[in-house]
Amino acid sequence: MAHETTELEREADRPVPPADAVASGFETLPHPHPKSEEQYAEQMSALGFGVDFSDHMAHATFTNELGWHRKVIEPYAPLSFDPGTAVLHYGQEIFEGLKAYRHDDGSIWTFRPLYNAARLNRSGARLAIPPLSFDDFMASIVGLVRADQRWVPEGEGSSLYLRPFIFASESFLGVRASARYEYIVAASPSGPYFTHGFQPIDVWVERTYHRAGPGGMGDAKTGGNYASSLLPKVKAHDEGFDEVMFLDARTNTTIDELGGMNVFVVMRDGSVITPELNGSILPGCTRSSIIRLLESEGTWVREEPLAIDDVVRGVASGAVTEMFACGTAAVVTSIGRLACDDFDVQVPVGPMTKHIYDELTGIQLGRVEDKFGWCYRIM
Ligand SMILES: *Cc1c(COP(=O)(O)O)cnc(C)c1O
């Protein structure tokens with residue numbers, strides 16, 4: 001059965017107003033002292049991931065009386081908040097992640113931005129955070145990237161990583177939804193997420209801890225899910241693993257995701273399987289794009305529960321030929337080893353993963369035809 005379009009995908013497919021039409025939605029207050037040419041050159045010549053930030057940030061505030069207001073692109077600077085600020089105590093926050101890419105002709109683009117706009121509001125609905133209009137979201141992205149255009153690097157694997165987030169900023173220790181929120185977009189010129197290049201990662205399958213459970217907020221992009229994933233990640237790192245694979249909390253038998261990346265399995269028969277969205281899995285934009293890309297090429301993509309035992313057996317028998325993880329930050333990365341207390345298997349690195357990586361990054365960089373209308377021109 002072909003992939004059934006999700007609500008997020010439907011919203012992401014809506015027409016986006018051109019950048020010139022939304023740009024003025026956030027007023028730009030230029031930085032009086034942007035980083036010097038020396039600092040700029042230094043940062044851009046050694047791109048990490050999410051380490052350095054650009055000169056500006058987008059910022060808007062929500063109050064019950066005024067709704068979203070004071071929408072500005074302002075100098076990037078530390079924030080100052082009362083120790084009683086709600087997010088510091090109860091974690092009411094959501095975030096997004098998308099990238100601005102420089103094409104070979106110098107123009108600057110982003111990828112399926114309404115997917116992120118729609119998902120921000122979907123996450124917000126789960127955490128009782130008020131929605132932000134698509135126009136405001138687009139204005140903040142376009143305004144920030146235009147103000148910080150020099151910070152969009154060029155070249156494969158490099159981009160200006162954009163981190164929109166909303167957090168509860170009311171100072172109040174009672175437990176209830178905040179009456180005030182800040183929306184901020186920070187921008188970080190970034191190189192590849194994994195510093196070891198196109199090398200497969202070693203993944204520990206976690207049976208003790210879960211990142212999310214039924215009725216929880218696993219399908220919302222919120223810091224709390226990451227907080228619960230950190231201890232297992234530390235333990236796995238100590239044992240030499242790069243990432244942790246989380247299983248579903250109800251049966252502890254099927255694969256959810258890596259806690260920051262979705263998972264795909266390539267089968268010898270040519271089909272590709274990814275866990276179905278069960279409420280505990282984050283509906284990744286990269287996941288969605290890969291499903292569409294593969295289906296357009298005639299590949300059979302199955303979204304179904306994926307038992308870890310079957311996958312391990314499949315790797316051993318050769319029925320599983322490749323495994324990879326995907327997300328905006330890392331794009332696509334091979335899983336080369338899968339281990340737990342009672343198994344430890346090597347997964348081959350195959351051509352499908354590389355093909356998907358090449359297609360996706362090719363579209364994002366304007367080097368492969370964008371048949372899907374995913375690229376959005378910022379300037
Ligand atoms: C962001 C995220 C992903 C990947 O989503 P993309 O939209 O592809 O970047 C996967 N899992 C979790 C938990 C995430 O937060």
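The values are calculated or read from the model by the stated rules, or taken from the named source; none is laboratory data. From a predicted model like this one, the values you see are computed outputs, not experimental measurements. Every residue, glycine as well, gets a Cβ built from its backbone with ideal geometry; the counts of neighbours run over all protein chains shown. Accessible surface is based on the protein model in full, side chains and every heavy atom, while ligands, DNA and RNA are left aside. Shrake-Rupley method; radii C 1.70, N 1.55, O 1.52, S 1.80 Å.
Share of carbon and sulfur in the accessible area of the chain stands at 53%, probe radius 1.4 Å. Of the whole protein surface, Glu11 contributes about 50 Å² of accessible area at a 1.4 Å probe radius. With helices as the sole contributors, the chain gives -8000 deg cm²/dmol at 222 nm; each DSSP H run of n ≥ 4 counts as -39500 (n - 2.57), and the sum is divided by every residue.
Amide H contacts for Tyr193 (H built 1.01 Å from N in the peptide plane; partners 5 or more residues away or on another chain; cut-off under 5 Å): none found.
Rolling a 1.4 Å probe across the protein heavy atoms gives the chain an accessible surface of 42 Å² per residue. Computed from Cα positions, the angle between helix 285-296 and the longest principal axis of the chain comes to roughly 50 degrees.
If you count Lys pairs in the chain whose Cα atoms are under 22 Å apart, skipping same-chain pairs closer than 8 places in sequence, the total is 7.
On a C-alpha basis, how far is the centre of segment 317-379 from the centre of segment 159-191 in Å? Whole number, if you could? Each part reduced to its Cα centre gives a spacing of 29 Å. Can you give the percent of C-alpha pairs in the chain whose distance is more than 39 Å? So the pairs more than 39 Å apart make up 15 percent of the total in the chain.
For Asp256, the residues whose modelled amide H falls within less than 5 Å of its own, excluding neighbours fewer than 5 places apart on the same chain, are Phe246, Leu247, Asp248. Between the residues Phe134, Leu98, Ser178, the greatest Cα displacement towards the positive end of the dipole of segment 85-178, with unit charges on the Cβ of Lys, Arg, Asp and Glu, is found for Ser178. Remark: the chain carries a charge dipole of roughly 560 debye about the Cα centre, counting +1 on each Lys and Arg Cβ and -1 on each Asp and Glu Cβ.
With the charge dipole of segment 24-129 set up from +1 on Lys and Arg Cβ and -1 on Asp and Glu Cβ about the Cα centre, the Cα lying farthest toward the positive end among the listed residues Thr28, Pro75, His59 is that of His59.
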